[in-house]
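**Student:** Got a structure here, written out as structure tokens. Questions coming.
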Ligand code: 0RQ
């Protein structure tokens, strides 16, 4: 392990996770590494959870505020949430225990766009970050730090925190050195910002390492634990259908002359449908593809291996255990085609808009006029968070949302009269796809969109009731732009809460 910590000064700071956790105080704001199950600290958070529990056992109040890149893993989100000691958390999360603590009111949660967080931390909107806890692959002789399998918010937390704790993880491949592109000039206060110099997903504009102030490093912890990535489910028929509609749509856009034959850089969300789209691209006609996205998942690695995808830019891996091992075995080869950037660069509106990125993200529900809810269940409950979906959707060349047309065994329609929360407004949403079909909303007014969304995307069990609502709303509404009956527009959700089904 000495080989991974090549700087004498840092070697002298090696200590146990428990000793490092002892440095944390009640009320500390901690910036953690971690993005979709990769590159998060593995041992410190569990030691911190014990430290919190011990304080609670003594009858002391002990909470910390938790900042990350995005979702993490049970060893971080789960372990800390379980103590009830997370006072505040941001941004995206998906851990079941963390979610339950947000929804039962134990933890405050602020759901913000992933590209905005670094700015907002730097401007001090969240107060002072006291401690940064990151994972690294290596510490080099000159004290610079080689990132691991995610970059996320690390650059900002390392800059902003008073104290730094580094877990050096031997499980991460040394071949990752050279894959990262850490660009920092972006964190300048406006109005003195410069254009982001990225015109192609393959552009490298920063350094392969974090430069940090060694005086701030209070602990170095040695670990060898794997990232906790979960396997993907086998592709189901609905996901394949949805992917098929999207790929046909790409084909017709190439024919119409709006897309080049190798498409524009692709962004694909997380989950099974996104993986089905990537699998479809593997078999499809498009060559020389590029990707400017947030996470690299298995399907993207297959596309790189096949030569169909020439480069992938992201902020993190989101791989199954099998693919994470494959990445570790061949990291230095993949580093020629993969670039991992800070999330304020991977998700930067300027780059997304300039390159004409094609975005495709999952949704919880859409309404008949094209507003999309990605985050809330039945009005009050948080599912995961907006993640990068808003960064990409608002600025994309094409923005698509995908979902099965029903949820919870058919008891919920994903197409509703009015969404119970809006993340992506009708102004930003261009295409909606379910297993029933595709609604291309470009160029349409709200009432024209409603017909298309209901006809093409709603499940047959719900289509007649949606058509009834739309007709009824036009009769009773106070205007004909987006006609609604405000006494009924959310009645589908209240019916579900009362009866366990939206079915008429
Ligand atoms: O709940 O797990 O309790 O069964 O939501 O739904 O169908 O498994 O779909 O995993 O693709 O998640 C929008 C949440 C979809 C995700 C969302 C329930 C459903 C299930 C999950 P259970 P599925 P997915 C970044 C991209 C926001 C962030 C984003 C997401 C659970 O895509 O978090 O886009 N998006 N990041 O039962 C009530 C409904 C429901 C519902 C589904 N209408 N009402 N519950 N569920 N629909 C950009 C990148 O570059 C990566």
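**Student:** Restricting to region 30-56, count the residues that are assigned to a helix (DSSP H, G or I) and under 30 Å from residue 295 (Cβ atoms).
**Tutor:** Here is the first cut: in region 30-56, the ones assigned to a helix (DSSP H, G or I) are 44-56.
Of the ones still in play, those that are also under 30 Å from residue 295 (Cβ atoms) are 44-49, 52.
Adding up the residues that qualify gives 7.
**Student:** Does residue 250 qualify as being over 30 Å from residue 43 (Cβ atoms), surrounded by 18 or more Cβ atoms within 10 Å (Cβ to Cβ), touching a residue at least 60 places away in the same chain (Cβ under 8 Å) and more than 15 Å from the ligand (Cβ to nearest atom)? Give the steps one after another, and end with the answer.
**Tutor:** Values: over 30 Å from residue 43 (Cβ atoms): yes; surrounded by 18 or more Cβ atoms within 10 Å (Cβ to Cβ): yes; touching a residue at least 60 places away in the same chain (Cβ under 8 Å): yes; more than 15 Å from the ligand (Cβ to nearest atom): yes.
Spelling it out, residue 250 is indeed over 30 Å from residue 43 (Cβ atoms), surrounded by 18 or more Cβ atoms within 10 Å (Cβ to Cβ), touching a residue at least 60 places away in the same chain (Cβ under 8 Å) and more than 15 Å from the ligand (Cβ to nearest atom).
**Student:** For region 435-450, give me each residue that is outside any loop (DSSP other than H, G, I, E, B) and in contact (Cβ under 8 Å) with a residue 12 or more places away in the chain. Let's see the steps before the verdict.
**Tutor:** We begin by selecting, within region 435-450, every residue outside any loop (DSSP other than H, G, I, E, B); these are 437-440, 446-450.
437, 438, 439, 440, 446, 447, 449, 450, listed by residue number.
**Student:** Considering only region 226-247, state which residues are crowded, with 17+ Cβ neighbours inside 10 Å and part of a loop (DSSP other than H, G, I, E, B).
**Tutor:** Answer for region 226-247, where residues must be crowded, with 17+ Cβ neighbours inside 10 Å and part of a loop (DSSP other than H, G, I, E, B): 227, 228, 229, 232.
**Student:** Between 395, 371, 420, which is more than 10 Å from the ligand (Cβ to nearest atom) and over 27 Å from residue 316 (Cα atoms)? Lay out the reasoning, then the answer.
**Tutor:** Numbers: 395 fails: over 27 Å from residue 316 (Cα atoms); 420 fails: more than 10 Å from the ligand (Cβ to nearest atom).
None of the others qualify; the one that does is 371.
Listed here are the residues, each with its yes/no results for (1) farther than 30 Å from residue 7 by Cα; (2) within 16 Å of the ligand (Cβ to nearest atom); (3) at pLDDT 95 or above; (4) surrounded by fewer than 24 Cβ atoms within 10 Å (Cβ to Cβ).
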{"position": "66", "(1), (2), (3), (4)": "no, no, yes, no"}
{"position": "83", "(1), (2), (3), (4)": "yes, no, yes, yes"}
{"position": "91", "(1), (2), (3), (4)": "yes, yes, yes, no"}
{"position": "97", "(1), (2), (3), (4)": "yes, yes, yes, yes"}
{"position": "116", "(1), (2), (3), (4)": "yes, yes, yes, yes"}
{"position": "126", "(1), (2), (3), (4)": "yes, no, yes, yes"}
{"position": "139", "(1), (2), (3), (4)": "no, no, yes, no"}
{"position": "143", "(1), (2), (3), (4)": "no, no, yes, yes"}
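**Student:** If you go through region 62-75, how many residues are closer than 15 Å to residue 27 by Cα and assigned to a helix (DSSP H, G or I)? Write out each step before concluding.
**Tutor:** Applying the first criterion (closer than 15 Å to residue 27 by Cα) to region 62-75 yields 62-67.
Subset that is assigned to a helix (DSSP H, G or I): none.
The number of residues fulfilling the criteria is 0.
**Student:** Please indicate, with yes or no, whether at least one residue in region 342-349 is more than 12 Å from the ligand (Cβ to nearest atom), farther than 22 Å from residue 450 by Cβ, modelled with pLDDT of 95 or more and out of contact with any helix residue (DSSP H, G or I) (no Cβ under 7 Å at 6 or more places or on another chain). Write out each step before concluding.
**Tutor:** Residues of region 342-349 more than 12 Å from the ligand (Cβ to nearest atom): 342, 344-345, 348-349.
Now drop any that are not farther than 22 Å from residue 450 by Cβ, which leaves 342, 344-345, 348-349.
If we keep only those that are modelled with pLDDT of 95 or more too, we end up with 342, 344-345, 348-349.
Subset that is out of contact with any helix residue (DSSP H, G or I) (no Cβ under 7 Å at 6 or more places or on another chain): none.
Checked region 342-349: no residue is more than 12 Å from the ligand (Cβ to nearest atom), farther than 22 Å from residue 450 by Cβ, modelled with pLDDT of 95 or more and out of contact with any helix residue (DSSP H, G or I) (no Cβ under 7 Å at 6 or more places or on another chain).
**Student:** Identify the single condition in (1) surrounded by fewer than 19 Cβ atoms within 10 Å (Cβ to Cβ); (2) near the ligand (Cβ under 9 Å from one of its atoms); (3) touching a residue at least 60 places away in the same chain (Cβ under 8 Å); (4) on the phi > 0 side of the Ramachandran plot that residue 387 does not satisfy, given that it satisfies every other one.
**Tutor:** That leaves (1) as the condition not met.
**Student:** Output the number of residues of region 258-295 satisfying the condition of being part of a strand (DSSP E or B) and at pLDDT 95 or above. Break it down into steps so the answer makes sense when it comes.
**Tutor:** First, the residues of region 258-295 that are part of a strand (DSSP E or B): 266-268, 289-292, 295.
If we keep only those that are at pLDDT 95 or above too, we end up with 266-267, 289-292, 295.
Selection size over region 258-295: 7.
**Student:** Do we find that residue 432 is more than 9 Å from the ligand (Cβ to nearest atom), touching a residue at least 12 places away in the same chain (Cβ under 8 Å) and buried (at least 20 other Cβ atoms within 10 Å of the Cβ) in this structure?
**Tutor:** Details: more than 9 Å from the ligand (Cβ to nearest atom): yes; touching a residue at least 12 places away in the same chain (Cβ under 8 Å): yes; buried (at least 20 other Cβ atoms within 10 Å of the Cβ): yes.
Spelling it out, residue 432 is indeed more than 9 Å from the ligand (Cβ to nearest atom), touching a residue at least 12 places away in the same chain (Cβ under 8 Å) and buried (at least 20 other Cβ atoms within 10 Å of the Cβ).
**Student:** Now for a separate question. Would you please list the contacts, defined by Cβ atoms under 9 Å and residues six or more apart or on different chains, that run from a residue in region 82-97 that is under 21 Å from residue 377 (Cβ atoms) to a residue that is within 12 Å of the ligand (Cβ to nearest atom) and part of a strand (DSSP E or B)?
**Tutor:** 92/35; 93/382
**Student:** Among the residues of region 267-301, which ones are under 24 Å from residue 384 (Cβ atoms), free of Cβ contacts under 8 Å to residues at least 60 places away in the same chain and more than 8 Å from the ligand (Cβ to nearest atom)?
**Tutor:** Within region 267-301, 275, 276, 278, 279, 296, 299, 300, 301 meet the criteria.
**Student:** Since residue 455 meets every condition but one in (1) without any contact (Cβ under 8 Å) to a residue 60 or more places away in the chain; (2) crowded, with 18+ Cβ neighbours inside 10 Å, which condition does it not meet?
**Tutor:** (2)
**Student:** Then there is this: Could you run through region 460-484 and say how many residues are surrounded by fewer than 17 Cβ atoms within 10 Å (Cβ to Cβ) and either free of Cβ contacts under 8 Å to residues at least 24 places away in the same chain or assigned to a loop (DSSP other than H, G, I, E, B) (or both)? It would help to see each step written out before you state the result.
**Tutor:** First, pick out the residues of region 460-484 that are surrounded by fewer than 17 Cβ atoms within 10 Å (Cβ to Cβ): 460-461, 464, 467-468, 471-472, 474-481.
The next check asks that each one be either free of Cβ contacts under 8 Å to residues at least 24 places away in the same chain or assigned to a loop (DSSP other than H, G, I, E, B) (or both); those that pass are 460-461, 467-468, 471-472, 475-481.
Of the residues in that region, 13 qualify.
**Student:** Kindly evaluate residue 336 against the criterion of being more than 16 Å from the chain's Cα centre (by Cα) and either more than 9 Å from the ligand (Cβ to nearest atom) or at pLDDT below 95 (or both). Outline the logic, then answer.
**Tutor:** Numbers: more than 16 Å from the chain's Cα centre (by Cα): yes; either more than 9 Å from the ligand (Cβ to nearest atom) or at pLDDT below 95 (or both): yes.
So residue 336 fits the description; yes.
**Student:** Further, regarding this structure: So for region 189-197 (the condition being over 19 Å from residue 353 (Cα atoms), in a loop (DSSP other than H, G, I, E, B) and in contact with a strand residue (DSSP E or B) (Cβ under 9 Å, 6 or more places away or on another chain)), does at least one residue qualify?
**Tutor:** We begin by selecting, within region 189-197, every residue over 19 Å from residue 353 (Cα atoms); these are 189-192.
When the remaining residues are screened for being in a loop (DSSP other than H, G, I, E, B), the result is 189-192.
Now narrow it down to the ones that are in contact with a strand residue (DSSP E or B) (Cβ under 9 Å, 6 or more places away or on another chain): none.
For region 189-197, residues over 19 Å from residue 353 (Cα atoms), in a loop (DSSP other than H, G, I, E, B) and in contact with a strand residue (DSSP E or B) (Cβ under 9 Å, 6 or more places away or on another chain): absent.
**Student:** Okay, next question. So which of 27, 78, 59 is modelled with pLDDT of 95 or more, farther than 15 Å from residue 132 by Cα and not in a helix (DSSP H, G or I)? If you could, list the steps in order and put the result at the bottom.
**Tutor:** On the way: 27 fails: farther than 15 Å from residue 132 by Cα; 78 fails: not in a helix (DSSP H, G or I).
Criteria check complete, one pass: 59.
**Student:** So, of the residues in region 101-123 that are touching a helix residue (DSSP H, G or I) at 6+ places or on another chain (Cβ under 9 Å) and in a loop (DSSP other than H, G, I, E, B), which turns out to be nearest to residue 350 (Cα to Cα)?
**Tutor:** The first filter runs over region 101-123 and keeps only residues touching a helix residue (DSSP H, G or I) at 6+ places or on another chain (Cβ under 9 Å), leaving 101-102, 106-109, 112-119, 121-122.
Cutting the leftovers down to in a loop (DSSP other than H, G, I, E, B) gives us 106-107, 112-113.
Details: 106: 37, 107: 33, 112: 18, 113: 14 Å.
Looking at residues that are touching a helix residue (DSSP H, G or I) at 6+ places or on another chain (Cβ under 9 Å) and in a loop (DSSP other than H, G, I, E, B), I get 113.
**Student:** Now, a different point. Residue 404 fails exactly one of the following numbered conditions: (1) surrounded by fewer than 23 Cβ atoms within 10 Å (Cβ to Cβ); (2) more than 13 Å from residue 492 (Cβ to Cβ); (3) more than 14 Å from the ligand (Cβ to nearest atom). What is the number of that condition?
**Tutor:** With (1) surrounded by fewer than 23 Cβ atoms within 10 Å (Cβ to Cβ); (2) more than 13 Å from residue 492 (Cβ to Cβ); (3) more than 14 Å from the ligand (Cβ to nearest atom) applied to residue 404, the lone miss is (3).
The values are calculated or read from the model by the stated rules, or taken from the named source; none is laboratory data. Just so we're clear, the structure is a prediction, and the values are computed from it rather than from any experiment. FYI the Cβ positions are ideal-geometry reconstructions off the backbone, even for glycines, and counts take in every protein chain you see.
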